[in-house]
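The values are calculated or read from the model by the stated rules, or taken from the named source; none is laboratory data. Nothing here was measured: the structure is a model prediction, and the numbers come from that model. Here the Cβ positions follow ideal geometry from the backbone for every residue, glycine too, while neighbour counts run over all protein chains shown. In case anyone asks, the SASA skips ligands and DNA or RNA and just uses the protein heavy atoms, side chains included. Shrake-Rupley method; radii C 1.70, N 1.55, O 1.52, S 1.80 Å.
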Amino acid sequence: MNIFRFFGDLSHLASRFILLYAIESNRSINGLSLKTQVLYVIVFVTRYLDLFTKYYSFYNTLFKIVFIASSIYTVYVMVYKYQKSIQNHVDTFPIRYLIGGAALASLIFTHKYTFGEVIWSFSLWLEAVAILPQLFILQRTGEAENITTHYIFALGIYRALYIPNWIYRYFAEGHFDYISVLAGILQTAVYSDFFYIYYTKVMKGKKFELPV
């Protein structure tokens, strides 16, 4: 554990609470992608399959449980509590390609050809692109509530903070996981345009808008 990973984890956790706060305060899921949230359920469940077989620390176990539970609860709330506001005509990104691409990448980039290693690699690659359906909605509608953009920004900060975490671990611990780094770089690249628009618009008090 180091300061970069710690604050990265906090940013990741904050994104979950920001999202749930946005849903409950607006009593609607307009502008949010159900497909992205379903992908995150798949990401967390596949990544933390070792939850009940390996114990690393209380911190590690707690975060795993929180992320699995919060992602499943988010989908539940979106589907059953605010289902009338689901925008199927907008949330149309074909996620089968993301799942298929992540599966293929996990077979190419893996440390060992064991079920545990392949499924862990799959979760990393899927997480790297899971936000695309949400960004697709923003691109189609051209705007979003600031609370939604804050959620996406918190997710991006989480991933961005993991880059110095990798650098620190390489020099301090001699640890380098090329799969995590490659998937993380891809995910950060996916967020790059959003970061720029967030800074030029939201951070300066302007309305978040994308060219439609």
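Per the conditions (1) in contact with a helix residue (DSSP H, G or I) (Cβ under 9 Å, 6 or more places away or on another chain); (2) within 22 Å of Phe115 (Cβ to Cβ); (3) assigned to a helix (DSSP H, G or I), the sole criterion not satisfied by Tyr55 is (3).
Evaluating Leu39 against the criteria (1) at pLDDT 95 or above; (2) more than 14 Å from the chain's Cα centre (by Cα) leaves one unmet condition, (2).
Regarding Phe63, is this residue touching a His at 6+ places or on another chain (Cβ under 8 Å) and of a type in the set (A, V, I, L, M, F, W, C)? I'd like the intermediate steps shown before the answer.
Values: touching a His at 6+ places or on another chain (Cβ under 8 Å): no; of a type in the set (A, V, I, L, M, F, W, C): yes.
Here the answer is no, as Phe63 does not meet what is asked.
Inspection of segment 126-140 identifies at least one residue that is under 19 Å from Arg5 (Cβ atoms) and either buried (at least 21 other Cβ atoms within 10 Å of the Cβ) or in contact with a Phe, Trp or Tyr (Cβ under 8 Å, 6 or more places away or on another chain) (or both).
Within segment 71-83, being open to solvent by less than 20 Å² (accessible area, probe 1.4 Å) and either modelled with pLDDT of 95 or more or closer than 13 Å to Val43 by Cβ (or both) holds for Ser71, Thr74.
For segment 50-70, filtered to residues that are under 20 Å from Ser15 (Cα atoms) and among the aliphatic types (A, V, I, L, M), the residue that is surrounded by the most Cβ atoms within 10 Å (Cβ to Cβ) is Ile68.
Kindly evaluate Leu13 against the criterion of being surrounded by 14 or more Cβ atoms within 10 Å (Cβ to Cβ), without any contact (Cβ under 8 Å) to a residue 40 or more places away in the chain, touching a Ser or Thr at 6+ places or on another chain (Cβ under 9 Å) and part of a helix (DSSP H, G or I). Spell out the reasoning first.
Working: surrounded by 14 or more Cβ atoms within 10 Å (Cβ to Cβ): yes; without any contact (Cβ under 8 Å) to a residue 40 or more places away in the chain: no; touching a Ser or Thr at 6+ places or on another chain (Cβ under 9 Å): yes; part of a helix (DSSP H, G or I): yes.
No, not satisfied.
If I ask for residues that are open to solvent by less than 50 Å² (accessible area, probe 1.4 Å), among the β-branched types (Val, Ile, Thr) and over 17 Å from the mean Cα position of the chain (by Cα), which ones from segment 92-118 would you list? Show your work before the answer.
First, pick out the residues of segment 92-118 that are open to solvent by less than 50 Å² (accessible area, probe 1.4 Å): 93-95, 98, 100-103, 105-106, 110, 116, 118.
After this cut, where a residue has to be among the β-branched types (Val, Ile, Thr) as well, the list is 95, 110, 118.
Passing the criteria: Thr110, Val118.
Of the residues making up segment 101-122, just one is among the polar types (S, T, N, Q), touching a residue at least 24 places away in the same chain (Cβ under 8 Å) and touching a Leu at 6+ places or on another chain (Cβ under 9 Å), namely Ser121.
Regarding segment 50-67, can at least one residue be identified that is within 18 Å of Thr149 (Cβ to Cβ), among the hydroxyl-bearing types (Ser, Thr, Tyr), at pLDDT below 95 and out of contact with any Gly (no Cβ under 7 Å at 6 or more places or on another chain)? No - not one qualifying residue is present in segment 50-67.
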